[in-house]
Amino acid sequence: MGTLDDNIESVLYSSEEISRRVSELASQITSDLDNNNTNNTESSPPVVVVGVATGAFLFLADLVRNIKLPITVDFIRAESYGSGTVSSGDPRISSDLKMDILGKHVILVEDIVDTGNTLSCLIAHLKSKGASSISVCTLLDKPERRKVNFELVGEGKYYCGFECPDYFVVGYGLDLAELYRNLPYVGVLKPEMYK
């Protein structure tokens, strides 16, 4: 049995590149939050960082460890792929937040934004729960695959790690049928692995 690395055609973003970019994103978020927060208290941090399970878990962990302000963390799960490689285009919330986000600023952390369907669904859901503003921080963005335009809420901002070419990528949390998430880099999967 070969290693996971054997199934990778090329490394798109190395672990060092990812680490550097995550630090830059966290610094930008910290700066933006610090400039916007005047009512920050230890008992009720107004910022909730919401990871989109499962793909964003590594990115989220590295990101929040570099944000230098009080935050709380929660997870939400939206499913649109199943075990395939193409989105069904009809995402659904399969596991909701445990935290109350009414009046809070939410930073939604995604592994990848492509069609925009899932992101649009998640933003609408968080808005319906009373978030005062919603920002998005994604590791990867594939703008050429966009089918749905999403709108941020309130003073929300869009943070992007890398603009990704239209390849099927895995690693650093991204998967194919739940495999490859544990690779320390983002790589292009060999086509024969998913065709």
For this session: Scan (1) surrounded by 15 or more Cβ atoms within 10 Å (Cβ to Cβ); (2) at pLDDT 90 or above; (3) not charged (D, E, K, R) for the single condition Gly103 breaks and write down its number.
Result: (1)
For this session: Can you run down the residue pairs with Cβ atoms below 8 Å, 6 or more apart or on separate chains, where the first is in segment 72-92 and basic (Lys, Arg) and the partner is surrounded by fewer than 13 Cβ atoms within 10 Å (Cβ to Cβ) and modelled with pLDDT of 70 or more?
Result: Arg77/Ser94; Arg77/Ser95
Exercise. Can you pull out the strands (runs of 3 or more DSSP E) entirely within segment 107-195 that have at least 2 residues that are under 20 Å from Glu79 (Cα atoms)?
Worked result: 133-141
Exercise. Can you tell me which of Leu69, Leu63 is assigned to a loop (DSSP other than H, G, I, E, B), in contact with a strand residue (DSSP E or B) (Cβ under 8 Å, 6 or more places away or on another chain), under 21 Å from Gly156 (Cα atoms) and at pLDDT 90 or above?
Worked result: Leu69
Seminar exercise, completed: The condition from (1) of a type outside the set (Lys, Arg); (2) modelled with pLDDT of 95 or more; (3) assigned to a strand (DSSP E or B) that Ser94 misses is numbered (2)
Exercise. Which one of Pro191, Pro91, Pro143 is more than 22 Å from Leu33 (Cβ to Cβ), surrounded by fewer than 14 Cβ atoms within 10 Å (Cβ to Cβ) and under 16 Å from the mean Cα position of the chain (by Cα)?
Worked result: Pro143
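The values are calculated or read from the model by the stated rules, or taken from the named source; none is laboratory data. The structure presented is a predicted model; accordingly, all values stated were derived computationally and were not measured. Cβ coordinates were reconstructed from backbone atoms using ideal geometry, including for glycine residues, and neighbour counts include every protein chain displayed.
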